[in-house]
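*Asks:* I'd like to ask some things about the structure below.
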Amino acid sequence: MPCEILATDTPERFDAAVERAVAALRAGEVVALPTETVYGLAANAWNADAVRRIFEIKGRPAHNPVIVHVDSPELARDCVSSWPETAEKFARAFWPGPLTLVLPRGERIPDVVTAGGETVAVRLPSHPFIRAVIREAGFPLAAPSANRSNEISPTTAEHVVASLGDRLPFVVDGGLSQVGIESTVLDLSVHPPRVLRPGMIHQNALRAVLGKLDDVGPETSGKLKSPGGLPRHYAPKATLIVLRWEDEADLLDQARRRGIDPGRTIVIAHRRPPAPGIWMEVHLIPHDADAYGRALYDELHRCDAAQADWIIVEAVPPTPEWRAIADRLHRASHAGSEAAE
Ligand code: TXA
Ligand code: MG
């Protein structure tokens, strides 16, 4: 059965798609929905069997917990057993938006959502479609990114179809995800709060709310606090490497020294794009962290679609607003150690 793409570009289509998604979710099914970060694979978070289906469809290991999406701070409080002052501050500052808060889990959250852990991750997204669905359904939605485990997250409905089209009846098209990078995951169950996954709401923005925050890098050993925080996770099929170059000759020299064939390589640049000439393709992403974040996964999906063997990405600045992008590039590069899932 071919996977249908439901349009939302007129009020009538939007409402019809909300109705269809809500009916499916009420029936315990899994649906792919747009959010402002990346597309999500959603199920009723109160329904353990429905959430289990998400793991089957993605091929996701059971030890990796999923984020619960709400449409109001009140519904978030129904998902947790305590709502500290810090949660209130962060929610006020950044919700709706790309910030996920990890808090002690509430009684109604099934084990499968938290992977058996004592905390739950909650987020109030800003995309109008998923918010309308949650409001109409009346229950929170458990939703990881709508890609097979270990593949790049989807930022368009077409990306979802390419990855999971054979396993889903329909995908709702909400346009290109406007943030384009997964949410910042902030653990509020520890003191001081810790960033478990960097996102476009960066360290400085978080600090401004609280005044003190310990940043920790991805955990790589022991019991995992956030399994998705392991290094190699968001990988394209091609071998991706991040390089800095002075000029075109320098780039070519570095590539050749690594045994890279330019004719099989797509270059993604933001400052110093080489002339297309000998390269398979050259893509230019704006030198602006927000615009870059929005474009990155689509670029990587295009490289896979073009069946490039290598992707060379021009290194991004080492400043806080580029941190999440540098993190995703590092994970996507084969330098980023062993597979996460
Ligand atoms: O932007 C996003 O967060 C997207 C959209 C769909 O909302 N979702 C997303 O989900 O990226 P996923 O499953 O691909 O990543 C969820 C991350 C993982 O790193 C997971 O380990 C972590 O959140 N996580 C979920 N529950 C957690 C918990 N209770 N404690 C710590 N980390 C948790
Ligand atoms: Mg994911």
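The values are calculated or read from the model by the stated rules, or taken from the named source; none is laboratory data. Treat the numbers as computed from the prediction; the structure is a model and nothing was measured. Every residue, glycine among them, receives a Cβ derived from its backbone with ideal geometry; neighbour counts consider all protein chains shown.
*Asks:* Which one is nearest to ligand 2 (Cβ to nearest atom) among residues in the range 109-164 that are part of a helix (DSSP H, G or I), under 18 Å from Ser183 (Cβ atoms) and in contact with a His (Cβ under 8 Å, 6 or more places away or on another chain)? Lay out the reasoning, then the answer.
*Replies:* Within the range 109-164, the first condition is being part of a helix (DSSP H, G or I), and the residues that meet it are 111-114, 128-137, 157-164.
Going one step further and asking which of them are under 18 Å from Ser183 (Cβ atoms), we end up with 113-114, 128-131, 133-134, 159-160.
Next, only the ones that are in contact with a His (Cβ under 8 Å, 6 or more places away or on another chain) stay: 130, 134, 159.
Working: Ile130: 16, Ile134: 20, His159: 12 Å.
Restricting to residues being part of a helix (DSSP H, G or I), under 18 Å from Ser183 (Cβ atoms) and in contact with a His (Cβ under 8 Å, 6 or more places away or on another chain), the top hit is His159.
*Asks:* If you go through the range 167-226, how many residues are at pLDDT below 90, basic (Lys, Arg) and under 27 Å from His63 (Cα atoms)?
*Replies:* Qualifying residue count for the region: 2.
*Asks:* Give the range 142-176 a look and list any residue that's more than 12 Å from ligand 1 (Cβ to nearest atom), surrounded by 23 or more Cβ atoms within 10 Å (Cβ to Cβ) and hydrophobic (A, V, I, L, M, F, W, C), or say none.
*Replies:* Within the range 142-176, Ala157, Leu164, Val171, Val172 qualify.
*Asks:* Okay, next question. Being within 16 Å of ligand 2 (Cβ to nearest atom) and surrounded by fewer than 16 Cβ atoms within 10 Å (Cβ to Cβ) is the filter here, so list the residues in the range 40-97 that pass it.
*Replies:* Result: Glu56, Gly59, Pro61, Ala62, His63.
*Asks:* What residue, among those in the range 151-170 that are closer than 8 Å to Tyr39 by Cβ and of a type in the set (Ser, Thr, Tyr), is nearest to the chain's Cα centre (by Cα)?
*Replies:* Applying the first criterion (closer than 8 Å to Tyr39 by Cβ) to the range 151-170 yields 153-157, 159-160.
If we keep only those that are of a type in the set (Ser, Thr, Tyr) as well, we get 153, 155-156.
Details: Ser153: 6, Thr155: 9, Thr156: 12 Å.
Selected residue: Ser153.
*Asks:* Considering each residue of the range 183-208, count those that are under 20 Å from the mean Cα position of the chain (by Cα), more than 16 Å from ligand 2 (Cβ to nearest atom) and not aliphatic (A, V, I, L, M), and give that number.
*Replies:* Of the residues in the range 183-208, 4 are under 20 Å from the mean Cα position of the chain (by Cα), more than 16 Å from ligand 2 (Cβ to nearest atom) and not aliphatic (A, V, I, L, M).
*Asks:* Here is a list: Glu314, Glu321. Which entry is of a type in the set (D, E, K, R), under 14 Å from Leu240 (Cα atoms) and buried (at least 16 other Cβ atoms within 10 Å of the Cβ)? Before the answer, list the steps.
*Replies:* On the way: Glu321 fails: under 14 Å from Leu240 (Cα atoms).
Just a single option satisfies the conditions, and that option is Glu314.
*Asks:* For the range 69-112, enumerate the residues that are in contact with a Ser or Thr (Cβ under 8 Å, 6 or more places away or on another chain) and within 19 Å of Ala50 (Cα to Cα).
*Replies:* Of everything in the range 69-112, those that are in contact with a Ser or Thr (Cβ under 8 Å, 6 or more places away or on another chain) and within 19 Å of Ala50 (Cα to Cα) turn out to be His69, Arg105, Gly106, Glu107.
*Asks:* While we're on this one: Regarding Glu36, is this residue without any contact (Cβ under 8 Å) to a residue 60 or more places away in the chain and on the phi < 0 side of the Ramachandran plot? Outline the logic, then answer.
*Replies:* Values: without any contact (Cβ under 8 Å) to a residue 60 or more places away in the chain: no; on the phi < 0 side of the Ramachandran plot: yes.
Taking the combined requirement at face value, the residue does not satisfy it.
*Asks:* If I ask for residues that are closer than 13 Å to Thr156 by Cβ and over 18 Å from the mean Cα position of the chain (by Cα), which ones from the range 289-323 would you list? Let's see the steps before the verdict.
*Replies:* In the first step, residues of the range 289-323 are kept if they are closer than 13 Å to Thr156 by Cβ; the result is 294-302, 305.
The answer is Ala305, and nothing else.
*Asks:* Here is a check on your reading of the model: is Gln203 over 30 Å from Phe14 (Cβ atoms) and among the polar types (S, T, N, Q)?
*Replies:* Details: over 30 Å from Phe14 (Cβ atoms): yes; among the polar types (S, T, N, Q): yes.
It is true that Gln203 is over 30 Å from Phe14 (Cβ atoms) and among the polar types (S, T, N, Q).
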